[in-house]
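> Have a look at this one before I ask anything.
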Amino acid sequence: MSDSEEHQFESKADAGASKTYPQQAGTIRKNGYIVIKNRPCKTHCYLQTCQVVEVSTSKTGKHGHAKCHFVAIDIFTSKKLEDIVPSSHNCDVPHVNRTEYQLIDISEDGFVSLLTDNGNTKDDLKLPTDETLLGQIKDGFAEGKDLVVSVMSAMGEEQINALKDIGPK
């Protein structure tokens with residue numbers, strides 16, 4: 001091959017970017033994120049890939065490590081998950097991102113058309129399943145309001161999770 005030849009590669013890969021990162025169980029706090037049963041969660045306690053809702057740590061027993069009990073809520077399904085992990089062990093924590101898009105259209109099959117920052121459209125998201133949020137989006141759109149939706153993404157999943165009314169069109 002000569003130096004003047006160009007090669008073009010097309011890939012939808014993420015260049016090896018990980019969907020999670022390790023964090024010691026004893027350092028994960030309430031309202032943090034954790035992966036439980038391969039799901040992103042927000043912690044109430046300790047839960048996998050959930051939002052941490054609750055966290056409690058037991059004292060070291062005669063058989064070793066203090067344990068962390070996680071109770072968390074899956075950030076996409078709102079299901080409650082629990083896990084118990086030695087406090088010195090690592091847990092997976094999801095990379096969670098929020099992005100705002102302007103709502104352009106709602107299709108009959110439940111997909112939304114969103115305007116990205118660079119002027120392109122994003123057409124691969126469905127309307128949320130949360131009845132309250134769904135109603136607010138449909139009603140606001142029907143009234144002709146300019147709406148901005150917040151999209152949460154983690155571990156290869158995306159979902160509309162919030163709405164802002166930026167005024168009439």
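Bear in mind that the values in this text are calculations on the coordinates, not laboratory data. For clarity, every value in this text was computed on a predicted model and none was experimentally measured. Positions of Cβ are generated from backbone atoms using ideal geometry, with glycine treated the same way; all protein chains shown enter the neighbour counts.
> Using only the Cα atoms of the stretch 107-169, build the gyration tensor, take square roots of its eigenvalues as a ≥ b ≥ c, and label the shape rounded, prolate or oblate: rounded if a/c is under 1.5, else prolate if a/b is larger than b/c, else oblate.
Taking the square roots of the gyration eigenvalues as a ≥ b ≥ c, the stretch 107-169 is oblate.
> Hey, another quick one. Once label points are set 7 Å from the Cα along Cα→Cβ at both residue 143 and residue 104, what is their separation, rounded to one decimal in nm?
2.4 nm
> Further, regarding this structure: To the nearest 0.05, what FRET efficiency results for residue 89 and residue 38 with a Förster distance of 25 Å applied to their C-beta separation? Provide the component values of the computation, followed by the final result.
On the way: r = 17 Å, r/R0 = 0.67.
In this case the efficiency is close to 0.90.
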